[in-house]
1. Filter the range 229-255 down to the residues that are closer than 28 Å to residue 359 by Cα and touching a Pro at 6+ places or on another chain (Cβ under 7 Å), then identify the one that is nearest to the ligand (Cβ to nearest atom).
2. How many residues are within 22 Å of residue 228 (Cβ to Cβ), among the polar types (S, T, N, Q) and open to solvent by 30 Å² or more (accessible area, probe 1.4 Å) when one looks only at the range 435-451?
3. For residues that are under 26 Å from residue 348 (Cα atoms) and without any contact (Cβ under 8 Å) to a residue 40 or more places away in the chain, scanning just the range 1-57, find the one that is farthest from the ligand (Cβ to nearest atom).
4. Checking the structure you have, find out if any residue of the range 58-78 is within 19 Å of the chain's Cα centre (by Cα), of a type outside the set (A, V, I, L, M, F, W, C), surrounded by 18 or more Cβ atoms within 10 Å (Cβ to Cβ) and within 16 Å of the ligand (Cβ to nearest atom).
5. Identify, from the list 155, 137, the residue that is farther than 27 Å from residue 36 by Cα and in the same structural domain as residue 490 (by TED's automatic domain parsing).
6. If residue 115 meets every condition in (1) closer than 18 Å to residue 64 by Cα; (2) buried (at least 17 other Cβ atoms within 10 Å of the Cβ) apart from one, which number is that one?
7. Please enumerate the residues belonging to the range 148-167 that are in a strand (DSSP E or B) and of a type in the set (Val, Ile, Thr).
Amino acid sequence: MLVRSVSWDRTVDVVVIGYGCAGPVAAITAAENGAEVLVLEKQPKETHHTNTSMAGGSFITPTDAKGALDFMRALCRITGGQGISWTGDSVLRSFAEYSATNLEWIEARGGSAFLSPGPVDYLHLPGADSLPKHRFKGLGVGLVKFLDGQVQVRKIPVLYQTRATHLLTNGRGRVIGVEAQTLQDGQNRKLRIGASRGVVLAPGGFEYDEQAKLQFLKVYPTYSSGSEANTGDGLRMAVEVGAQLWHMHCLSAYLMFKFPDFPIAFAPDYRGRQQLRYAKGDEAVPIVSGHIIVDGDGKRFTSENLNIHGIYYELPYFDSHRLIYPRVPSYLIFDRRRLENGPLPSVTVGPAGAARLYQWSADNSKEVERGWIKTANSIRGLTAKIGVPADNLDRTVKNFNRYCLKGHDPEFGRKQANLIALENPPYCAMQLWPGAPATMGGPQRNAKGQILGADGSPIPGLYGCGELGCIYGMLYPGNGGHLAQCFTSGRIAGENVIRERVPNYRRR
Ligand SMILES: Cc1cc2nc3c(=O)[nH]c(=O)nc-3n(C[C@H](O)[C@H](O)[C@H](O)COP(=O)(O)OP(=O)(O)OC[C@H]3O[C@@H](n4cnc5c(N)ncnc54)[C@H](O)[C@@H]3O)c2cc1C
């Protein structure tokens with residue numbers, strides 16, 4: 001928003017918008033470089049929860065920057081696109097270099113994270129073996145505690161209940177401050193805060209902006225297992241000052257459980273009690289319960305050896321004759337063995353995880369009662385409850401059970417170890433929706449974290465970091481990709497914003 005003359009309520013060197021992971025990292029970095037920093041956070045302190053606090057706290061920690069760069073180049077190359085990349089090489093290079101030193105950055109400030117098993121998602125890509133990951137003790141909550149401690153030690157003020165609404169620009173298009181709505185002493189008030197060096201935009205993604213999801217994502221609805229505060233404010237602020245958008249239909253592309261009477265989606269846990277051991281690297285842990293995924297016609301459409309951060313892209317199949325998306329929703333079909341094998345969603349991350357926004361019952365009984373899990377004593381009985389054609393689902397399950405007996409899935413090549421027949425009633429179904437822990441799209445940034453305008457040149461005084469406009473294109477590297485880039489981009493934005501200065505800036 002252009003302001004010809006403005007009287008500031010307060011001025012600082014750097015204003016950071018958003019207090020998740022990237023925001024505090026940028027604030028800490030700018031403060032360490034001598035800047036006076038102010039953080040704006042729209043949520044109240046007492047109930048503050050973010051994608052960061054709901055996360056698993058893992059972040060990829062490349063052992064060598066060259067391997068990481070090779071991997072990122074391959075990951076971002078568009079299939080069939082003759083060498084075209086989602087993300088420019090200089091941005092990938094800066095990510096590779098900085099992410100290789102993120103752990104050092106954390107440890108130098110007293111943080112600690114442990115080596116976490118599990119590789120990146122695309123092992124066949126070059127450089128994949130140079131991207132191990134680390135995990136914060138206490139998961140996302142532990143990470144937030146660490147960052148908050150660092151912000152407090154540096155006495156960086158965080159204004160809670162203060163929602164940034166507009167970026168303010170001068171006549172030359174330079175971002176010189178932020179307009180915000182703040183709640184103080186029960187009163188809503190407009191604040192104008194000047195930023196003599198620049199503004200860092202770190203308000204997270206647009207997982208709860210229905211309009212943006214409808215207009216930009218490949219299929220609607222798409223649900224999130226993260227914070228409801230991510231309402232796309234950053235998108236609107238950036239567009240208003242002429243930012244170029246990128247990666248808009250890309251996300252860490254999941255299937256999710258979502259129920260009408262709870263606002264946040266849940267990430268499925270397909271393994272049950274074995275998941276924890278499996279996540280700790282015990283590949284030999286047996287799978288004890290079977291499940292299949294079917295579409296609204298009661299037919300399987302994918303191997304259930306899911307690529308969990310890519311399966312979303314199989315959902316926007318549109319039937320142009322019936323004018324429906326038959327895979328939206330899809331259904332997870334399982335039997336007593338999975339029902340009795342621990343909570344159906346992850347109880348590590350998301351609303352039922354460490355953030356404790358929902359207490360999922362250990363035996364799933366509460367959720368059966370709520371109608372979130374449908375059960376019946378026969379497959380045909382189940383179809384009556386979920387509205388899937390009975391003959392189709394019955395045939396699909398009979399075929400699947402036959403494949404289990406033979407140890408071979410001729411349709412989708414499911415791994416032999418996962419071929420466990422569905423034969424123990426009650427049979428169960430849960431809706432699976434397109435979803436994502438995080439969106440990727442937002443304002444495009446360059447290797448210095450500067451947000452670019454429509455003509456491709458940096459908008460002076462405006463930096464971006466974190467999930468909003470993040471560096472990944474369609475493919476996500478796997479667990480740990482987002483937080484690695486939050487640290488990386490926060491550090492880069494914090495280092496570069498302090499090199500700016502608005503000419504003739506008058507402080508009050
Ligand atoms: C369930 C789950 C598990 C995940 N697990 C992992 C994992 O293990 N590893 C990994 O790498 N990634 C993981 N992710 C993704 C990762 O957590 C996020 O991408 C990352 O935390 C985003 O951080 P951020 O700083 O960009 O934004 P956020 O953490 O989303 O924080 C944004 C902040 O900005 C505030 N805000 C928004 N609008 C405004 C405004 N207008 N004014 C002021 N403040 C505003 C919000 O209230 C919020 O506090 C997971 C995500 C989820 C949901």
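1. Checked the range 229-255; the qualifying residue nearest to the ligand (Cβ to nearest atom) is 252.
2. Adding up the residues that qualify gives 0.
3. Filtering the range 1-57 for residues that are under 26 Å from residue 348 (Cα atoms) and without any contact (Cβ under 8 Å) to a residue 40 or more places away in the chain, the one farthest from the ligand (Cβ to nearest atom) comes out as 46.
4. Yes, there is a match, as at least one residue in the range 58-78 is within 19 Å of the chain's Cα centre (by Cα), of a type outside the set (A, V, I, L, M, F, W, C), surrounded by 18 or more Cβ atoms within 10 Å (Cβ to Cβ) and within 16 Å of the ligand (Cβ to nearest atom).
5. 137
6. Status for residue 115: all satisfied but (2).
7. We begin by selecting, within the range 148-167, every residue in a strand (DSSP E or B); these are 158-159, 162-167.
Matches in the range 148-167: 158, 162, 165.
Listed here are the residues, each with its yes/no results for (1) in contact with a helix residue (DSSP H, G or I) (Cβ under 7 Å, 6 or more places away or on another chain); (2) at pLDDT 95 or above; (3) open to solvent by less than 10 Å² (accessible area, probe 1.4 Å).
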| residue | (1), (2), (3) |
| --- | --- |
| 456 | no, yes, no |
| 460 | no, yes, no |
| 463 | yes, yes, yes |
| 466 | yes, yes, yes |
| 469 | no, yes, yes |
| 481 | no, yes, yes |
| 488 | yes, yes, yes |
| 501 | no, no, no |
| 505 | no, no, no |
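The values are calculated or read from the model by the stated rules, or taken from the named source; none is laboratory data. Predicted model only: the values in this text are computed from it and were never measured. Glycine gets a Cβ as well: all are built from the backbone with ideal geometry, and neighbour counts include every protein chain shown. What goes into the accessible areas is simple: the full protein's heavy atoms, side chains included, and nothing from ligands, DNA or RNA. Shrake-Rupley method; radii C 1.70, N 1.55, O 1.52, S 1.80 Å.
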